[in-house]
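Working notes for the structure below.
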Amino acid sequence: MRAYVDQDACIGCGLCTATAPDVFEMNDAGKAVAVADTTEENQDSVQEAIQGCPVSAIRESE
Ligand code: SF4
């Protein structure tokens, strides 16, 4: 699984990068991007980030 951030929707709040720092980073535009696959180790924090994102900008796909 891999998380994706909708760059148009993201407001750069930083919640996902704080919740799952091994998966999400902020880019030069101040938006979050997923830089790693979702693994057994980080899936709980990724789910927390998806549910916590205030604008529902994070999606997951195979
Ligand atoms: S939690 Fe959502 S709005 Fe906030 S930085 Fe992450 S993707 Fe963007």
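Among the strands (runs of 3 or more DSSP E) lying completely within region 7-62, list those that include at least 2 residues that are of a type outside the set (A, V, I, L, M, F, W, C), more than 6 Å from the ligand (Cβ to nearest atom) and surrounded by 13 or more Cβ atoms within 10 Å (Cβ to Cβ).
Result: 58-61.
List every residue pair whose Cβ atoms sit under 8 Å apart, with the two residues 6 or more apart in sequence or on different chains, where the first one lies in region 1-20 and is farther than 17 Å from E41 by Cβ and the second, anywhere, is assigned to a helix (DSSP H, G or I) and at pLDDT 95 or above.
From region 1-20, the pairs are V5/C16; L15/A49; L15/G52.
The values are calculated or read from the model by the stated rules, or taken from the named source; none is laboratory data. Small disclaimer: the values here were computed from a predicted structure and weren't measured. Virtual Cβ from ideal backbone geometry, glycine too; neighbours counted across all protein chains shown.
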